[in-house]
Amino acid sequence: MSLQSFIVKTLLKLPPSWLVKISGGEPVVIGGRTLDPYFQFVAHGAKKQPPMSSLTAQEGRAASAAGLEMFQAPREPGVSAENFSINGSGGHQIPVRLYKPEDQDLGAPMMVFYHFGGGVIGDLETCDAFCTIIASTVKCPVLSVDYRLAPEHKFPAGLNDCKDAYEWALKNAEKHGAPSGQAAIGGDSMGGNFVAIISQDMQSEDKPLPSLQLMIYPAVDISEDTPSKTTYGETYPLSTDTMNWFMGHYIPDGTAKDHPRLSPAQTADLSGLPPAIVITAGFDPLVDEGAQYAKRLNADGVNTIYKCYDSLAHGFTAFTAVSPAADAACREIAGMIATAYSRL
């Protein structure tokens, strides 16, 4: 453990009121919401770092990985993890990590999970702890996907990898103790974008639909500006500036941002899609579009659970070791999945 990491982790043991005092002196209140004091402490410290938009994609990945490693939560007990690769439709190998609980429920579908990162940063470590929370709580195998990243592999390369992983799960779930021909999909931020698109793709291609779609603070409409993109446009860790940096790397020149495979909320009719859990964070430019997508799913007859964690910020699934509220939220989300599975 580095000295910096030791100091930060020591300070995080202080009472919340102390964290606020050393992180600006007053609670951060935006749009009527009050930021979790642990996130306020981390965000205050992050102000000393250069903005993501000033970095290359490679530098951004390294900086993000280093920051998340500092706050890495341990895996849940009783969950094993195995790394291997699967064949992508383009002839390449897609690295994956399969988590399995000791007390696996043989009736629980495999969940395929896609990490956050704007399509530019992130890897299997980004969602490692959260995937074990899902596996432990839901008692299902979880397949985490290390999809290709931009700008080396622009849209739709990463999306295609995630779709390939879902179809692999349909064919191979039974080998790993899960029901044959079934799989759920989940993801946060860009991962949530992939979930929405893959669900729509499967429907339009008349292929097996996911058992469940889990979307956590999803980016579902790149083309539209919502009020929250202004209200929370300078929040940590996702700002409007950072989102623009992500999309500048991710989207090929000349591609329309309102294309449904970039902005799935642009699809007019959402009826017939799988049951959904949509989660948003209060301190997040994406909170409005996530809420609107959940509302539209419900209106179109899709059984949808929606919840906003008002005090938390974007990316909270990676901050369970930092914020007790983030840890509690992730465990509650895993419980929502378990409940949804019981109704399949």
Criterion first (touching a Phe, Trp or Tyr at 6+ places or on another chain (Cβ under 6 Å) and of a type outside the set (D, E)) does M110 satisfy it?
no
For region 267-309, enumerate the residues that are surrounded by fewer than 23 Cβ atoms within 10 Å (Cβ to Cβ), closer than 14 Å to M215 by Cβ and small (G, A, S).
A291
Residues (of a type in the set (D, E, K, R) and surrounded by 18 or more Cβ atoms within 10 Å (Cβ to Cβ)) located in region 224-248:
K229
Contact list, first residue from region 8-31 and under 15 Å from F283 (Cβ atoms), second anywhere and of a type in the set (S, T, N, Q), beta-carbon distance below 6 Å, six or more apart or interchain, is S23/Q40; P27/T34; V28/Q40; G31/T231
Inspect region 69-78 for any residue being outside any loop (DSSP other than H, G, I, E, B), over 12 Å from G177 (Cα atoms) and modelled with pLDDT of 95 or more and give the result as yes or no.
no
Return yes or no: is F84 surrounded by fewer than 16 Cβ atoms within 10 Å (Cβ to Cβ), within 22 Å of L149 (Cβ to Cβ), touching a residue at least 12 places away in the same chain (Cβ under 8 Å) and out of contact with any Leu (no Cβ under 6 Å at 6 or more places or on another chain)?
yes
Hits in region 316-331 (condition: over 17 Å from K9 (Cβ atoms) and either without any contact (Cβ under 8 Å) to a residue 12 or more places away in the chain or among the aromatic types (F, W, Y) (or both))
F316, A328
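One line per residue, one yes/no per condition, for (1) surrounded by fewer than 21 Cβ atoms within 10 Å (Cβ to Cβ); (2) free of Cβ contacts under 8 Å to residues at least 60 places away in the same chain; (3) in contact with a Cys (Cβ under 6 Å, 6 or more places away or on another chain); (4) not charged (D, E, K, R):
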| site | (1), (2), (3), (4) |
| --- | --- |
| P109 | no, no, no, yes |
| C131 | no, yes, no, yes |
| S136 | no, no, no, yes |
| V142 | no, yes, yes, yes |
| A150 | no, no, no, yes |
| F155 | yes, no, no, yes |
| G177 | yes, no, no, yes |
| G181 | yes, yes, no, yes |
| V195 | no, no, no, yes |
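Rundown of residues vs (1) among the small types (G, A, S); (2) under 21 Å from I134 (Cβ atoms); (3) without any contact (Cβ under 8 Å) to a residue 40 or more places away in the chain, yes/no style:
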| site | (1), (2), (3) |
| --- | --- |
| E174 | no, yes, yes |
| A184 | yes, yes, no |
| G187 | yes, yes, no |
| S204 | yes, no, yes |
| L209 | no, yes, no |
| T226 | no, no, no |
| T235 | no, no, no |
| I251 | no, no, no |
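The values are calculated or read from the model by the stated rules, or taken from the named source; none is laboratory data. The model shown is predicted, which means the values in this text are computed figures rather than measured ones. With ideal geometry, Cβ positions are generated from the backbone for all residues, glycine too; neighbour counts draw on all protein chains shown.
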